[in-house]
1. Let me know the Kirkwood hydrodynamic radius for region 46-129, please, with Cα pairs as the basis and the value in Å to one decimal.
2. Can you tell me, using C-alpha contacts under 8 Å and at least 6 residues apart, the relative contact order of the chain as a whole percent?
3. What does the chain give for Rg and for Dmax, in Å, if only its C-alpha atoms count?
4. With no solvent and one point on each alpha carbon, what is the Debye value of log10 I(q)/I(0) for region 140-201 at q = 0.12, 0.18 Å⁻¹?
Amino acid sequence: MHDESFLHALATEGALLLDGGLATQLEAQGADLSDELWSARLLVEDPGAIAAAHLAYYRAGARVATTASYQATFEGFAGRGISHDEAAVLLRRSVQLAVESRVAAAGEGIRGPLFVAASVGPYGAMLADGSEYRGNYGRSVAELAAFHRERLAVLASAGPDVLAVETIPEVEEAVAVASLLPEVAPGIPAWISFSCADGGRLRSGAPVEEAVAALAGAPGVVAIGFNCTSPEFADELVGRFHAASGLPVVVYPNSGEGWDAANRCWTGTGARVDAAAAARWRTAGAGLVGGCCRVTPPQIEDLGAGLAAAGRH
């Protein structure tokens, strides 16, 4: 089974290289992602572009491709006049496209094993107002579980190797999703990665250690860490997650730029996401390393070089 292969790789290979920003690569390919569905819109309009973007990251050395389902929700699709049944088809399609890209990569002689991670974006991503960078939704764990349950089940049914529960800004949402895993995704491992405000706190303000403690012993959770967080905080965060948890740390920061949700654009300047950073993160306890928004295939290749170098020392 694919999940056994993923778990074996996670346990034995030191650190696995993830992909980078899917939307970033899609925009580089000429896609217009200026509406609220973001990359999920292309599941309807141009699925071939998504497959091509996944393949670009596999070619860059990524061992894991993360699906275009971050912004894909029943509620979001309904707002575009897409029926419930068709939304389920699109969610499954997101996984199938990554699987097809994996087959294409293998056909090109790219070494594996290669894996597919089904992206489970936060409640805030559905709101499309930047809430995933604030948290404190005012929703209970039960309400958040109700939001995630069916989408999580549909994604799991499509056969990914791992679930990427990502950009989670608050402890309550992480607990909600983790509570669903034995019910709706039995046998499929998951990583949970938080959106962090600085080197010690989630976007909601909760300390990293509180988040780790809340997920301690959660069935199915095989790695914990952070994503879509400025790389300037990454070194401290890797150390804190590693010290607080016995699980591998997942780390895939963004470029360090800020997201302006009102104007739907990135602002500011980036920080270093490079081979030296990857080597430091691996040495500090990272088991899954990649990039998020604005991190490109060449940068993923560079991160891979850093992981390889760290593994030789």
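1. Averaging 1/r across every pair of different Cα atoms and inverting gives 13.5 Å.
2. Contact order relative to length: 20 percent.
3. Reported Rg and Dmax, both Å: 17.4, 54.
4. Normalising to I(0) and taking log10 leaves -0.29, -0.62.
Quick note: the coordinates plus some simple rules give every number you see, no bench work behind them. Worth saying up front: this structure is predicted, and the values here are computed from it rather than measured.
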